[in-house]
Amino acid sequence: MKNLLELMGVEPDRIHFSWISSAESTKFVQVVNEIAEKVKALGPNRHFVKQEAKVA
Amino acid sequence: MITYSNKIKEIAKRLLKECRAEMVIGFRKGSIPMMNEPCFVRTDEQADDLVWDSHCGINLANYLTSRDEKIAIVAKGCDSRNIVNHIVENKINREQLYIIGVPCQGMVDKRKILAQTEGEVLQITETENGQITVKSANGEKTFSKSDVIQQNCSVCIQPNPVLYDEMVADPVQGQTDIDQFADVRALEAMSTEEKRAYFDELLAPCIRCYACRNACPLCYCPTCFVDESKPQWLGKSQDIMDIKTFHFLRAYHCAGRCTDCGACERACPVGINMRILTKKLNKDCLDLYDWQAGMSIDKRPALDVYQTNDPEKFIK
């Protein structure tokens, strides 16, 4: 999934997969922080957004 | 090619007579040149319509989904791989089928011929040694078949049927030293921006007619995700994001199942090469799981089995 999204031009750092057990709270926090940091660095996703239909 | 056609007719007649099959699925001449159409032969007279030439690119496995009767089907390499897919996915029983295998020498891309021909194409003939003569309103022109072959056929690794009950001719020599995925690799090497621009341009002409889906033997869901309205998975507009999402998801439904038969690209009225998406998935399946779809009825598909050594690098 990640490979094809990347092929279509989504930045690699925007997509993350992780397996976290409900008992692994520390890992959860760590992964979320890491992802947030990486996505913030990329900035908002302006490319894969559907524009609102223009109404006259 | 004439010998192929005659042999197919002969086999079809014999099977119908012996009641080995209630119906033979094959090709007959279409109403315009280069457009052979699928036909369902049930009688001796209809069997005379059957033909085989370089314009039989449609994947006949598409017509097998959930049929009840005994069917004989004409199958080239890729068709046979899709028949295997159908059997593995329980869409048809092996026992119902009589597969008439055709060693394939590649199918002609009609767009390549039309691009190089002036005026309406009136007639097209081919010789056994790979010369194709096109008679158009403006005169006559001869092509070498290898120049006007479909792109997927030029990188085909399985021209001979993988599964058959009878062959119409001796197997042809398959290609061995070809790079199947050169185009995918070139795309992978691009930067994120370039990739995005590539797909913006590639998919811009898409009119969302879903011909690619309809021609695809893998797409047999009773209601396709694009047609569902409750819930609506996908916008129905011509917005590039909706188009991209459609092509992305359609490709994904073919992951580990696509045989690169080229039916989707062939059916596309605006000539989009959407095969690049499924090819990327084929490449990943080959690299990660050593899997190629439709090669054997005894193996379960890559995405259908779990193995402890499955690659999991993408999971943190």
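The values are calculated or read from the model by the stated rules, or taken from the named source; none is laboratory data. Treat the numbers as computed from the prediction; the structure is a model and nothing was measured. For neighbour counting, all protein chains shown are included, and Cβ atoms are generated from backbone atoms with ideal geometry for every residue, glycine included. SASA here: full protein model, heavy atoms, side chains in, ligands and nucleic acids out. Shrake-Rupley method; radii C 1.70, N 1.55, O 1.52, S 1.80 Å.
A simple charge model with +1 on the Cβ of Lys and Arg, -1 on the Cβ of Asp and Glu and nothing else charged puts the dipole of the protein assembly as shown at about 680 debye relative to its Cα centre.
When cysteine pairs in the protein assembly as shown are screened for C-beta atoms closer than 4.7 angstrom, the residues that find no partner are B:CYS19, B:CYS39, B:CYS56, B:CYS104, B:CYS153, B:CYS156, B:CYS206, B:CYS209, B:CYS221, B:CYS224, B:CYS268, B:CYS285.
With a/c under 1.5 counting as rounded, go ahead and sort chain B into rounded, prolate or oblate using the C-alpha gyration tensor (a ≥ b ≥ c being the square roots of the eigenvalues; past the cut-off, prolate if a/b is larger than b/c, else oblate). Write out the running numbers ahead of the final one.
On the way: a/c = 1.60, a/b = 1.23, b/c = 1.31.
Verdict is oblate for chain B.
Would you kindly calculate the translational diffusion coefficient of the protein assembly as shown, applying Stokes-Einstein with the Kirkwood radius from alpha carbon pairs, for 25 °C and a viscosity of 0.890 mPa s, and quote it in µm² s⁻¹ without decimals? Translational D for this selection: 107 µm²/s. For B:LYS7, the aspartates and glutamates whose Cα falls under 13 Å of its own Cα, not counting residues fewer than eight places away in the same chain, are B:ASP48, B:ASP49, B:ASP53, B:GLU166, B:ASP170.
Using the Kirkwood radius built from alpha carbon pairs, what does the Stokes-Einstein equation give as D for chain A at 20 °C and 1.002 mPa s, in µm² per second?
Working: Rh = 13.6 Å.
It diffuses with D of about 158 µm²/s by this estimate.
Measuring from centroid to centroid over Cα atoms, what is the spacing of the range B:281-316 and the range B:1-78 in Å? Centre-to-centre distance over Cα atoms comes out at 33 Å.
Averaging 1/r over every pair of different alpha carbons in the range B:202-312 and inverting the result gives a Kirkwood radius of 15.1 Å.
With a cut-off of 8 Å between alpha carbons and a minimum separation of six or more residues, what is the relative contact order of the range B:185-297 in percent? Spell out each step's value before the answer.
Numbers: 97 pairs, mean separation 30.4, N = 113.
About 27 percent, as a whole number.
Largest first, the residues B:ASP239, A:ASP13 sort by 1.4 Å accessible area into A:ASP13, B:ASP239. At an R0 of 56 angstrom, the distance between the Cβ atoms of B:ASP287 and B:THR43 translates into a FRET efficiency of 0.70. Considering Cα pairs under 8 angstrom that are at least six residues apart, work out the relative contact order of chain B and quote it in whole percent. Relative contact order comes out at 16 percent. At R0 = 30 Å, how high is the FRET efficiency between B:GLU166 and B:HIS253 if r is their beta carbon distance? Nearest 0.05 is fine. Efficiency at R0 = 30 Å is approximately 0.40. For A:ALA23 and B:VAL305, the FRET efficiency from 1/(1 + (r/R0)^6), where r spans their Cβ atoms and R0 equals 25 Å, is about 0.30.
For the residues B:LYS13, B:LYS280, B:LYS135, a GNM of chain B with alpha-carbon springs under 10 Å puts the largest fluctuation on B:LYS135.
Neighbours of B:CYS264 by Cβ distance under 12 Å: Lys/Arg scored +1, Asp/Glu scored -1, total +3.
Between B:ASN138 and B:ALA204, 0.36 nm times their residue separation minus their Cα-Cα distance comes to what? Full-extension gain reported as 20.5 nm. For the range B:258-268, putting each phi into the Karplus relation 6.51 cos²θ - 1.76 cosθ + 1.60 with θ = phi - 60° gives couplings of 5, 10, 6, 7, x, 4, 5, 5, 4, 6, 5 Hz, in residue order, rounded to whole numbers and with x for Gly and Pro.
Report the number of Lys pairs in the range B:83-165 whose alpha-carbons are under 22 Å apart, with separation of 8 or more residues or on distinct chains.
Number of lysine pairs found: 7.
Extension gain, B:MET1-B:SER237: 0.36 nm per intervening residue step, less the Cα-Cα distance, totals 80.5 nm.
Please say if the range B:122-204 is rounded, prolate or oblate, where rounded means a/c under 1.5 for a ≥ b ≥ c the square roots of the C-alpha gyration tensor eigenvalues, and otherwise the choice is prolate for a/b larger than b/c and oblate otherwise? Oblate, because a/c is 1.5 or more while a/b does not exceed b/c.
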